[in-house]
Structure formats: C-alpha cells, structure tokens
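> Take this structure first; my questions come after.
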2 protein chains.
Amino acid sequence: MRWHRLARGPEADRIRAFAEAVGGPDVPDARLPPGDDAVSFGLEEDEAVVLTSDAYTEGVHFRREWIGWEDVGHRSAAGALSDLAACAARPVGILVSVLLPPELDTSVLSALGRGVGACLEGTEAALLGGDLSSSESGVTLDMVAAGGAAEPVGRNGARPGDELWVTGELGGAGAAVADWTGGLEPEPAARRAYSRPTPRLREALWLRERVDLHAMIDLSDGLATDLRHVAAASDVGAELEEASLPLAQPLQGYGNREQARKIALTGGEDYELLFAAPAGDVGGLRAAFEEAHGVELTRVGTVRREQGVILRAPDGGERPLTLSGFDHFRR
Amino acid sequence: MRWHRLARGPEADRIRAFAEAVGGPDVPDARLPPGDDAVSFGLEEDEAVVLTSDAYTEGVHFRREWIGWEDVGHRSAAGALSDLAACAARPVGILVSVLLPPELDTSVLSALGRGVGACLEGTEAALLGGDLSSSESGVTLDMVAAGGAAEPVGRNGARPGDELWVTGELGGAGAAVADWTGGLEPEPAARRAYSRPTPRLREALWLRERVDLHAMIDLSDGLATDLRHVAAASDVGAELEEASLPLAQPLQGYGNREQARKIALTGGEDYELLFAAPAGDVGGLRAAFEEAHGVELTRVGTVRREQGVILRAPDGGERPLTLSGFDHFRR
C-alpha cells in the first residue's frame, strides 16, 4: 500500500496526483496511518470481510481510441464495486494498483483519479491504498474492493419456482462495444452505459433488507453467461422470457431485433444485478424500488428444477440459451 | 474473484491449473462458496482487517531471462505477504490477479501457482481469489494480501533512544540484480535471495508477543530508503552503524567493500524486517529468536531526535545517508 507516501520524486508526484483527484472519505476506523505498509480498518459487529478483485487492461478491456482516462478510472472501479453489490456487501473502499508507461505524466493519473472518485461518489467507499508501478507498455488497473457483510449473498441459493429479476436495462454497454468494434461511433447513451456504469451497491442493500435474496450476481459477463453461473452454482435450471428483457434504449432503435436481443443477452459490463427470490415477494416492492433508486426492476424469468437455461419466445416456443460471453484465451 | 469458477474453456483451464498448483488451506470461516463474485471470511475477535497490494510486472520488476515462472509466483506473493509481516498482522490469504499474453498456456499458470504455493507454505495463508485476464504483452501479477490484527504496527511510532534492529541478512537480492544488470550470472545464494524470499510473518508475530514494537517496516526498497520512511513517519532521525550491517553472504566475497555496503543499504527486495524498540528490550531475546526461526537478529542503529539519517563509520566519523532506492518514473 503506497498511496500518500511522503517521498519526493516523479513517482510520488504521480501518487499524490491520483490520490488527490480521487478525494472521498477517510478510511473508516483506520488502525494505521495513511501511507503505511498496509491499510487497516474495522468492521461492524458480526460482519465478515468481503473482498474481490478485477483487472482492467489496455488493448484487452479497453482502447484509448474508445474512451478517455477518466472513463477508464470510473469503469474499472465500477467493475470491482459491482462484485461487492452482487454479494449485498456494505462497501468500505478500494485498493488500486496502477501500472503505466513512464511517458504518461501526472495529468493521466489525475484523470484516472477523477474517474475513480466519480465512481466512489455516493457509495461511502474510500480509497484505501494501492500500488503504482511503471509498465513496459499499456495501462493496467487492478481494483480490489473491500466491504463487510454479516451474511453475504452468493450465487448458489436459487431454488425451483424462484422468480428471476434484473435491475436497470441490458445491453447498453454491449451496444457501444459492438459499434466500436464495427468502426462506428456509439450514440451517447451507449457510450455512457459502457464508460460510466453505476455499481448497484445501494440497490443491493435496499433489496437485502426487504427480500429473502436466494442468489445474486452482477451482469459482468452478460445475462446468458451469468445466469448459467447462478444455475450451475445452485444446481438448478432457468427459463428466460424473451419478451420481458429490458432492452437498453440504444438497442430499441435496432432494425435487427435478433441482433438487439443477442447484445442484451451476451453484452457484458452493464453491471446490473440479477437475483432469484421467492415467487411473489418482489412484485409488490417494484414501485418503491424504482422510486428510491430511479432504476427499473424487471422480472425476466423463473428458476426451474430441470437443468439448463432456456429462452421462451413470445409465441411460447422454447430453445436452449447457448450464447456465450468472452473467453480471454479462446482463439 | 474468479478462481475456481465452473465454466469450461481455455480460460477456465488456466484458472484451474493455477488454483490446483497453489493448493494450500481452504478459506477460513468462509461465508461464500468458492468461485462466487467475492470471497468472504471472518476475523478473530477484536481484530481489524489488514490489506495490502503489490504489483509485479515483466520488464520492470523481473525479466524472463533472470528467473523462471515458479520464482515469479513465489517472489510476487512474498512481496505482498511481507507487507502484512511489516504490520505484525496474522495472514489470512491472498488475492492474485494475473495478466498474461494468450500464447502462454496452462503450464505457465501451473508454474506460477507452484511458486505461489511454495511461498504460502507454512504461513496459514490461503488462496482467497483473484482474476485472470489476457494481456497485450508481458506477464503481470498483482497480489493482495489480507490479514487480521487487533493493533497493527505502523511505521510511525519510533522514539528517540529506540534501538533499530533488522532480521536476517541484507543485500542478497540486490547482489543478484547487480550481477544480472552487469551481464553476470549470480551465485546460487544471491539468486535464491532474490527469487525465493521468505516473508517474515512468523517472526513478526513472535516479536509482537514479546517486544513493544514502536515501529516496523519491511525492507522492500532497501534499508536506506525504508529507514527514511520510518524516520519521516515518526518525525525523528536515525543513526546506522556501518560496521554492524549484516551483509548477505554473496556480498562478503566482494573485493570492493564500498560497493558491498552500498548494495546492502540500497538493494531492495530482501523482505527482511526493520523495527524500532525500547533500548535494552530486544538484546536478551536474540538467542531465542534465532533458535526459533533460524534467522539472525542484528542491532543496526539508534533512533535520534535530530532529523535526518546518518551513517556512522567504524572510526566514529558520520556522514548523511543520501543513497536512494528505485523511482519508477525517474528518467
């Protein structure tokens, strides 16, 4: 843990530029001074530690031609914090490891820090620490999010008959990536969905207080893949209703409806939540949820005893959902 | 957190190869199943969380020509765990983010995992989780170590009159780096000091139980730089006794004594501990420490009220210690 350390020189200048740009609250119940070898913080009574890490690297996860440095900072912090939301954990803060080529100066660190700070805003999460290093080429951020929860929600408790719900809209980030990959400039809403996603931390804590959440996951790999993760961990199957999918606004104008549905099902990085809850428990809370958070809540399907995930068409026909997310090492 | 996840494909194969090679204990008091969005574990009563991260990247921190993949795994885990030792924290485990070019196959992940596993052996630390991603070029490991401590030891409590002690020998890793940089093959002891350092976790806990540790730090940047960190954080100065420095064996054969001392003072990455304790408290424990751990304990200096760090020569003469460690962005 090296942010805030006192030494002078170009490395320390970059560290300060980043930490000052992030801003935000101090470490809660800190047991070590800033800039020590590690960060130490207390939890609330009965809480366990919840930790998750998420790497974000140039050329693989993003390209400089696509988004700016502030977006890179925001986007990478959102990825880690979203995993805390998926467990309905109370966020405490993030550790940020940054690797960047020596020719990038303090202005890049400031921009990355402003983006991280914008993502932390309103979450109560603090910048806990991290590490800064030069790289031979390309920028990499590795984000670790830390939080507390007495009973974190896993992927493994979905039961046959449970309803499946998602927060927000699906496929906005995927629409942007599809445009960039095809050489097009995405429309602003798609661009924003990709570059400025909101980790659903408050939404998850709100739901945990009111609903018996059997299983929850964040949609980082896309609904098709992430639902399969829930089904496999819970040893159940699931049915998605095609007509119910809340397509993101940029997908609604697509002439090719099949393509729009495919992006909504497989486009990762929306960072919405998918959860399973007992039938009938969520419907009555929908209006209050949307009122509290300004985010939709949509029932998209049902948990089944039969293994496998199927997609039910509006005419009642069903087909297996075989679409897959990204594999870093498939060629 | 993605290790252990159940999907099939080349990415999952690599994840499994790594996790199986690491081996080691299960997550203590786990509150989420393996492969969930995050890892969750309980702490002992009164403990606070202690977290630290350390990035290790090809071309900057290591070169493939210098060491093998097992060494890379061992070395990078040691860097993060050593920061826990510096705070006298009880280790719980590590999160490992790995980025590597797609052409590197599962055998590289197995070797990295074996090295990480070798470093964890005997520490009670578990593989908690992490992330795997492809990279455009070069291998990067970002290690986060997590632990617990009721009262973690910081750098900031050294007081005038305190004795300064170090564990082990200094400059072994630095001798290896100096040889490689000069186009030479290091001798085995130097190579081993660099590639297989032992984080002093048990030593730190042993000391914490018996000594009023005013301040402690691990020697990742070299004694000269790390002592300055302690002095700055504690608002004191310090005096090092040149004759007392425990030179690593590879340095003892150096014809150029000045060069040997320079490497012992500035060679980082030995991962020994430097601590400040009340005068007279440690000397009587030295034999028991060396008996328990098979590691030397050496008094190297004294904390002074006057700002600045000085080096005292055997003839009594003093000079300011101006040697510096590595700055990633100085060109």
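Values quoted throughout were computed directly from the atomic coordinates according to the rules given, and no laboratory measurement underlies them. Just so you know, these numbers come straight off a predicted model, no measurement behind them. Neighbour counts are summed over all protein chains in view; Cβ atoms, including those assigned to glycine, are modelled from backbone coordinates with ideal geometry.
> Using the crude model of +1 on Lys and Arg Cβ and -1 on Asp and Glu Cβ, and no other charge, please compute the dipole size for the range A:66-221 relative to its Cα centre, in debye to 20.
380 debye
> What residue of chain B sits with its beta carbon nearest the rotation axis taking B to A, and at what distance in whole Å?
In chain B, the Cβ lying nearest the symmetry axis toward A is B:Asp142, 2.
> When the dipole is taken about the Cα centre of the range B:240-312, and only Lys, Arg (+1) and Asp, Glu (-1) are charged at their Cβ, what size is it in debye, to the nearest 20? Spell out each step's value before the answer.
On the way: 8 positive and 11 negative charges, 67 e Å.
So the dipole magnitude of the range B:240-312 works out to roughly 320 debye.
> So what are the three principal axis dimensions of the range A:56-169 from its Cα atoms, in whole Å, longest to shortest?
Dimensions of the range A:56-169 along the principal axes of its Cα atoms: 56, 27, 24 Å.
> I've got another one for you. In vacuo Debye scattering of chain A, one point per C-alpha: log10 I(q)/I(0) at q = 0.09, 0.10, 0.15 Å⁻¹?
Each listed q corresponds, in turn, to -0.48, -0.59, -1.23.
> Right, another one. Please compute the alpha carbon radius of gyration of the protein assembly as shown, then divide it by the globular-protein estimate 2.2 N^0.38 Å. Two decimals is fine.
Working: Rg = 25.7 Å, N = 662, 2.2 N^0.38 = 26.0 Å.
That works out to 0.99 for the protein assembly as shown.
> Counting Lys and Arg as +1 and Asp and Glu as -1, each charge on the Cβ, what is the dipole of the protein assembly as shown about the Cα centre in debye, to the nearest 20?
Its charge dipole is roughly 900 debye.
> Principal axis lengths of the range B:1-113 from Cα atoms, whole Å, largest first?
46, 34, 19
> Positive end of the dipole of the range B:248-331, charges at C-beta (+1 Lys, Arg; -1 Asp, Glu), about the Cα centre: which of B:Leu297, B:Gly255, B:Val282 has its Cα farthest in that direction?
Result: B:Gly255, furthest along the dipole toward the positive end.
> Between B:Glu136 and B:Arg64, what length comes free when the chain is fully extended (0.36 nm per residue of separation minus the Cα-Cα distance, one decimal in nm)?
Gain on stretching B:Glu136 to B:Arg64: 24.3 nm.
> Could you tell me the center-to-center distance, by alpha carbons, between the range A:148-209 and the range A:89-104 in angstrom?
A separation of 22 Å, based on Cα centres.
> Moving on to the next point. So what's the back-of-envelope 222 nm ellipticity for chain A, counting only DSSP H runs of four-plus at -39500 (n - 2.57) apiece and dividing by all residues, rounded to 500?
One gets -10000 deg cm²/dmol as the mean residue ellipticity at 222 nm.
> For helix B:223-234, report the angle its Cα long axis makes with the longest principal axis of the Cα atoms of chain B; keep it between 0 and 90° and round to the nearest 10°.
Between the helix axis and the principal axis of chain B, the angle is about 80 degrees.
> Which residue, chosen from B:Gly129, B:Pro102, B:Val144, occupies the Cα position most advanced towards the positive end of the dipole of the range B:59-173, where the dipole is computed from +1 (Lys, Arg) and -1 (Asp, Glu) charges on Cβ about the Cα centre?
Result: B:Val144, furthest along the dipole toward the positive end.
> In degrees, nearest 10, range 0 to 90: what is the angle between the Cα axis of helix B:201-210 and the longest Cα principal axis of chain B?
Helix B:201-210 sits at roughly 50 degrees to that axis.
> Still on this structure, I have one more. I'd like the antiparallel share, as a percent to the nearest 5, of DSSP beta bridges with both residues in the protein assembly as shown. Present the calculation step by step, with values, prior to reporting the outcome.
On the way: 86 of 116 bridges.
Around 75 percent of the beta bridges assigned by DSSP in the protein assembly as shown are antiparallel ones.
> Helix B:257-266: angle to the longest alpha-carbon principal axis of chain B, degrees 0 to 90, nearest 10?
50 degrees
> When Cβ neighbours within 10 Å are restricted to other protein chains, what is their mean count per residue of peptide B:220-227?
Average neighbour count from other chains, rounded to a whole number: 1.
> Can I ask one more? In a Gaussian network model over chain B where Cα atoms closer than 10 Å are linked, find which of B:Glu272, B:Glu291, B:Glu58 has the largest mean-square fluctuation.
Ranking B:Glu272, B:Glu291, B:Glu58 by mean-square fluctuation puts B:Glu291 first.
> Another question, then. Sort A:224-230, B:301-307 by the packing proxy (mean of other Cβ within 10 Å over each peptide's residues), most packed first.
Highest to lowest by the protection proxy: A:224-230, B:301-307.
> Moving on to the next point. Please compute, for peptide A:135-145, the average count of beta-carbon atoms on other protein chains lying within 10 Å of each residue's beta-carbon.
Shielding by partners across A:135-145 averages 6.
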